[in-house]
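In what follows, a single structure is set out as structure tokens and then discussed.
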Ligand SMILES: Cc1cc2nc3c(=O)[nH]c(=O)nc-3n(C[C@H](O)[C@H](O)[C@H](O)COP(=O)(O)OP(=O)(O)OC[C@H]3O[C@@H](n4cnc5c(N)ncnc54)[C@H](O)[C@@H]3O)c2cc1C
Ligand SMILES: Cc1ncc(C[n+]2csc(CCOP(=O)(O)OP(=O)(O)O)c2C)c(N)n1
Ligand SMILES: [Mg+2]
């Protein structure tokens, strides 16, 4: 059904949206997507990409972007224009979705701090994936806000280094892309 | 039936299967196998240009004047980088083009090999799509897919980068007859519900205007036919962008002239004051809208476009219709007919009268002169003396381009080739080469500026080699006139580097090329000399000396709205644009 588009100018304020892009996994496809964002001055807050259907050579790209509603609609339409792009879904606009991120976090410390670090890790369900007498590496998965929170709690306890995968997301319910 | 052949032979066979008759190119190490295959074939004629940019513009002219796909063949490295301007030009103006580039052999890719450049990387953002062919097995599909992508939906340029080892490799070729694509599926039919609503809106409109664009030309003759029919059925006035000229005839009664920055007063006022705007295959470019927040404040807007991303990009519209405008207009005609057979001329009388008042302003008027040739006069004479011929016009970029759009009138589509989106100086001469290759017996004229034409002048040599009697009609004002005009408007008349202290003698230059040269600086001799140009069966460089500091008016100054046009009698144009407008281009 056609949609009138008056509501596009409803707001000049920016919103954060998660887009999921189904693409043919051919050489250069990621460069096309990223190049489009830089060429048109769109923001990328987070980007993840991986092959999801090996037999059909398909990959999913998850992009978190921040833009006004009008620009968001342009981003989606411009992505859809790329030849190897099958579909683009704005998960934020389409209702509830699940969003997860994985982080590896290195914390160094001794004594009280070390005990506190472990206690918090347990509360956040972060796994210890490496340990030495004066350090841990934790693996934590969850919504970005949870990861964020855990990292900030580690800060005073001897945070050394963080790596994050960026956000990946899927819609709820039985419908697929 | 699959046939075994080399990659290079596949290229030629695919061109033959695509019914390509002419390609424009320039050889080099990385495309020698393809040139060898060309040498041994007699179906595809290769036109040897003098610079790869020339090949791309020639292909654009060829494409725009025929509705077919333009084809370019260039070598790796500098051949490919020289093609970039023309590819970008074709992208912005939606011109179908396939550009085949040679590449260093696959094992050498990435090693900074001789004449290697990252062609797909460089052209990724200036093509509709591009391919690097890694194996000869992929070549037949890619060749044909490239033509499908370039010509379907919103047309555009496609690059196929073929490493030299792939050109030598043997493989099986069969024409895959591609007529669809797994992921790229342009929407041709417009949504019926939306078209119905559009017709209802049109039936109620009191101050309607059709705003048409290059998309009508892209769509083809059927779209032109339906547009004219729709205009006649409704009685609504029609304006067009620079890219759409000729779709609606300039001698039609409802014609308002071109709109936009250098459009007519009546077209721009109609856009500003209308209550219903029907945009057909145009993209609300900034040359059209002027100040966005003051653009046509009281209208409802219908936008028909094949590219969903064109819709709501610059201007948010009320009723988008995604589809080929030929299909959509045809459907509109049918639905309109089902409701009424009478145009709404009566109902919109006050509006038409208002438009007549705007027309009476005569915004294209200029001061005549007996002693010097006015550039507008030169175009007028050129039009009068050629209008009954089979004429095609190309242009360079600048004031002369705008004067051509204003004072040369087009009654048919595909007769007007100009670089609109990118505004590429040097487009017109090679484009006229391409047009003349496609229309050997037609009169093909490049309306040029003395600065622009020097950017691709070398293609005169191509014209001479192939006996293409293109006419290069130079409005020589010794200035980069458009730049000078903006310096007058914005920079206190400080003409920094916009005057050509030294210019070639164009008549001698013509002779050096083996073409014919004409110079004219007297309005009384102009007609005779134009006739001399038309009648000689040779390429001609016509050096038409015109007023040096003429301004191209009317004009919507940057940062202003449609109703704030500078008209020909506006005094002191140096004080119109404010600080905010100055930063715009
Ligand atoms: C010096 C200079 C001055 C200029 N001044 C002016 C001016 O005063 N006035 C002016 O008009 N222009 C002017 N231009 C040109 C301007 O920059 C733009 O190129 C032009 O306005 C764009 O035309 P368009 O909107 O018709 O779009 P095009 O670039 O022709 O794009 C066509 C649109 O139609 C769509 N389309 C394509 N195929 C189809 C189809 N089959 N069905 C439906 N839709 C389709 C496309 O998706 C696109 O949105 C000037 C250029 C220069 C260099
Ligand atoms: C390749 C390129 N470089 C620079 C420009 C900027 N530019 C636009 S018009 C113009 C002057 C054109 O001069 P001329 O060809 O003499 O035309 P006139 O305006 O005098 O008619 C220039 C430099 C451009 N459009 N293209
Ligand atoms: Mg000039």
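Is it true that residue B:115 is in a loop (DSSP other than H, G, I, E, B) and more than 14 Å from chain A (Cβ to nearest Cβ)? Spell out the reasoning first.
Numbers: in a loop (DSSP other than H, G, I, E, B): yes; more than 14 Å from chain A (Cβ to nearest Cβ): yes.
For residue B:115, the condition - in a loop (DSSP other than H, G, I, E, B) and more than 14 Å from chain A (Cβ to nearest Cβ) - is met.
Within the bounds of region B:181-190, is there any residue that is in a loop (DSSP other than H, G, I, E, B), in contact (Cβ under 8 Å) with a residue 40 or more places away in the chain, away from ligand 1 (no atom under 14 Å from the Cβ) and touching a strand residue (DSSP E or B) at 6+ places or on another chain (Cβ under 6 Å)?
no
Looking only at region B:177-198, count how many residues are away from every other protein chain (no Cβ under 14 Å) and surrounded by 15 or more Cβ atoms within 10 Å (Cβ to Cβ).
Step one: list which residues in region B:177-198 are away from every other protein chain (no Cβ under 14 Å), which gives B:177, B:179, B:188.
Still in the list and also surrounded by 15 or more Cβ atoms within 10 Å (Cβ to Cβ): B:188.
Residues that pass the stated criteria total 1.
Residue under question is residue A:49, and the condition is that it be more than 10 Å from every other protein chain (Cβ to nearest Cβ) and not in a helix (DSSP H, G or I); does it hold?
Working: more than 10 Å from every other protein chain (Cβ to nearest Cβ): yes; not in a helix (DSSP H, G or I): yes.
Yes; evaluated as a whole, the condition is true for this residue.
Any idea which residue in region B:388-408 is nearest to the other protein chains (Cβ to nearest Cβ), counting only those that are assigned to a loop (DSSP other than H, G, I, E, B), within 22 Å of residue B:67 (Cα to Cα) and more than 16 Å from ligand 3 (Cβ to nearest atom)? Steps first, please.
The initial filter retains those residues of region B:388-408 that are assigned to a loop (DSSP other than H, G, I, E, B), namely B:388-390, B:396-398, B:408.
Filter once more, keeping what is within 22 Å of residue B:67 (Cα to Cα): B:389-390, B:396, B:408.
Then drop every residue that is not more than 16 Å from ligand 3 (Cβ to nearest atom), which leaves B:389-390, B:408.
Details: B:389: 40, B:390: 37, B:408: 34 Å.
Selected residue: B:408.
Testing residue B:411 on (1) within 16 Å of ligand 3 (Cβ to nearest atom); (2) over 15 Å from the mean Cα position of the chain (by Cα), one condition comes back false. Which one is that?
(1)
Sort out which residues of region B:528-579 are closer than 30 Å to residue B:517 by Cβ and without any contact (Cβ under 8 Å) to a residue 40 or more places away in the chain, and write them in order of number. Full working, then the answer.
Initially, region B:528-579 is screened for residues closer than 30 Å to residue B:517 by Cβ, giving B:528-552.
Within region B:528-579, B:528, B:529, B:532, B:535 qualify.
Output the number of residues of region B:470-521 satisfying the condition of being away from ligand 1 (no atom under 16 Å from the Cβ) and closer than 30 Å to residue B:435 by Cα.
Here is the first cut: in region B:470-521, the residues away from ligand 1 (no atom under 16 Å from the Cβ) are B:470-474, B:476, B:478, B:491-497, B:499-521.
Then drop every residue that is not closer than 30 Å to residue B:435 by Cα, which leaves B:470-474, B:476, B:478, B:500, B:503-521.
Summing the residues that are away from ligand 1 (no atom under 16 Å from the Cβ) and closer than 30 Å to residue B:435 by Cα in region B:470-521 gives 27.
Mind counting the residues in region B:420-443 that are within 16 Å of ligand 3 (Cβ to nearest atom), part of a loop (DSSP other than H, G, I, E, B) and in contact with a strand residue (DSSP E or B) (Cβ under 9 Å, 6 or more places away or on another chain)? Explain how you work it out, then say what you get.
Of region B:420-443, the ones within 16 Å of ligand 3 (Cβ to nearest atom) are B:423-429.
If we keep only those that are part of a loop (DSSP other than H, G, I, E, B) as well, we get B:423-427.
Filter again for in contact with a strand residue (DSSP E or B) (Cβ under 9 Å, 6 or more places away or on another chain), leaving B:425, B:427.
The qualifying residues number 2.
Could you pull out the residue among B:475, B:382 that is touching a strand residue (DSSP E or B) at 6+ places or on another chain (Cβ under 7 Å) and within 16 Å of ligand 3 (Cβ to nearest atom)? Working first, answer last.
Details: B:382 fails: within 16 Å of ligand 3 (Cβ to nearest atom).
Just one listed residue meets the conditions, B:475.
Could you list, in sequence order, the residues of region B:204-223 that are under 24 Å from the mean Cα position of the chain (by Cα) and buried (at least 24 other Cβ atoms within 10 Å of the Cβ)? First the steps, then the outcome.
Just the residues of region B:204-223 that are under 24 Å from the mean Cα position of the chain (by Cα), to begin with: B:209-223.
Scanning region B:204-223 gives B:209, B:210, B:211, B:212, B:213, B:214, B:215, B:216, B:217, B:218, B:219, B:223.
Tally the residues that are part of a strand (DSSP E or B) and more than 7 Å from chain B (Cβ to nearest Cβ), restricting the search to region A:73-87. Break it down stepwise before answering.
If we filter region A:73-87 for residues that are part of a strand (DSSP E or B), which is where we start, we get A:85-87.
Next, only the ones that are more than 7 Å from chain B (Cβ to nearest Cβ) stay: A:87.
Qualifying residue count, region A:73-87: 1.
Would you say residue B:482 is away from every other protein chain (no Cβ under 14 Å), closer than 30 Å to residue B:265 by Cα and either modelled with pLDDT under 95 or within 16 Å of ligand 3 (Cβ to nearest atom) (or both)? Full working, then the answer.
Details: away from every other protein chain (no Cβ under 14 Å): yes; closer than 30 Å to residue B:265 by Cα: yes; either modelled with pLDDT under 95 or within 16 Å of ligand 3 (Cβ to nearest atom) (or both): yes.
Considered against the rule, which asks whether it is away from every other protein chain (no Cβ under 14 Å), closer than 30 Å to residue B:265 by Cα and either modelled with pLDDT under 95 or within 16 Å of ligand 3 (Cβ to nearest atom) (or both), residue B:482 comes out as yes.
Does region B:519-550 hold any residues that are part of a strand (DSSP E or B) and surrounded by 21 or more Cβ atoms within 10 Å (Cβ to Cβ), and which are they?
Across region B:519-550, the qualifying residues are B:520, B:540, B:541, B:542, B:543, B:544, B:546.
Among the residues of region B:239-249, is there at least one that is farther than 20 Å from residue B:418 by Cβ, surrounded by fewer than 21 Cβ atoms within 10 Å (Cβ to Cβ) and in contact with a strand residue (DSSP E or B) (Cβ under 8 Å, 6 or more places away or on another chain)? Spell out the reasoning first.
Pass one, region B:239-249, residues farther than 20 Å from residue B:418 by Cβ: none.
No, every residue in region B:239-249 fails to be farther than 20 Å from residue B:418 by Cβ, surrounded by fewer than 21 Cβ atoms within 10 Å (Cβ to Cβ) and in contact with a strand residue (DSSP E or B) (Cβ under 8 Å, 6 or more places away or on another chain).
Name the single residue, out of those in region B:485-496 being in contact (Cβ under 8 Å) with a residue 12 or more places away in the chain and either more than 13 Å from ligand 3 (Cβ to nearest atom) or within 14 Å of chain A (Cβ to nearest Cβ) (or both), that is nearest to residue B:580 (Cα to Cα). Before you say what the answer is, go through the steps one by one.
As a first pass, look at region B:485-496 and keep what is in contact (Cβ under 8 Å) with a residue 12 or more places away in the chain: B:485, B:488-490, B:492-493, B:495.
Then keep just the ones that are either more than 13 Å from ligand 3 (Cβ to nearest atom) or within 14 Å of chain A (Cβ to nearest Cβ) (or both); that gives B:488-490, B:492-493.
Values: B:488: 17, B:489: 14, B:490: 11, B:492: 16, B:493: 19 Å.
For region B:485-496, the residue satisfying everything is B:490.
Out of B:131, B:173, which single residue is away from every other protein chain (no Cβ under 14 Å) and over 30 Å from residue B:242 (Cβ atoms)? Don't jump to the end; show me each part of the working.
Working: B:131 fails: away from every other protein chain (no Cβ under 14 Å).
Answer to the selection: B:173.
Quick check, is residue B:412 closer than 30 Å to residue B:305 by Cα and without any contact (Cβ under 8 Å) to a residue 40 or more places away in the chain?
On the way: closer than 30 Å to residue B:305 by Cα: yes; without any contact (Cβ under 8 Å) to a residue 40 or more places away in the chain: no.
No.
Which residue, of B:458, B:454, is surrounded by fewer than 22 Cβ atoms within 10 Å (Cβ to Cβ), closer than 25 Å to residue B:552 by Cβ and more than 9 Å from ligand 3 (Cβ to nearest atom)?
Values: B:458 fails: closer than 25 Å to residue B:552 by Cβ.
None of the others qualify; the one that does is B:454.
May I ask you to list the residues in region A:77-101 that are within 22 Å of residue A:24 (Cβ to Cβ), surrounded by fewer than 20 Cβ atoms within 10 Å (Cβ to Cβ) and under 19 Å from the mean Cα position of the chain (by Cα)?
Residues satisfying the conditions are A:87, A:89, A:90.
Have a look at B:209, B:216, B:199, B:166 and point out the one that is away from ligand 1 (no atom under 16 Å from the Cβ), outside the structural domain of residue B:75 (by TED's automatic domain parsing) and in contact with a helix residue (DSSP H, G or I) (Cβ under 7 Å, 6 or more places away or on another chain). Before you say what the answer is, go through the steps one by one.
On the way: B:209 fails: away from ligand 1 (no atom under 16 Å from the Cβ); B:216 fails: away from ligand 1 (no atom under 16 Å from the Cβ); B:166 fails: outside the structural domain of residue B:75 (by TED's automatic domain parsing).
Within the list B:209, B:216, B:199, B:166, the selection yields B:199.
The values are calculated or read from the model by the stated rules, or taken from the named source; none is laboratory data. The shown structure was predicted, so the numbers you read here are calculated from the model rather than taken from an experiment. Every residue, glycine as well, gets a Cβ built from its backbone with ideal geometry; the counts of neighbours run over all protein chains shown.
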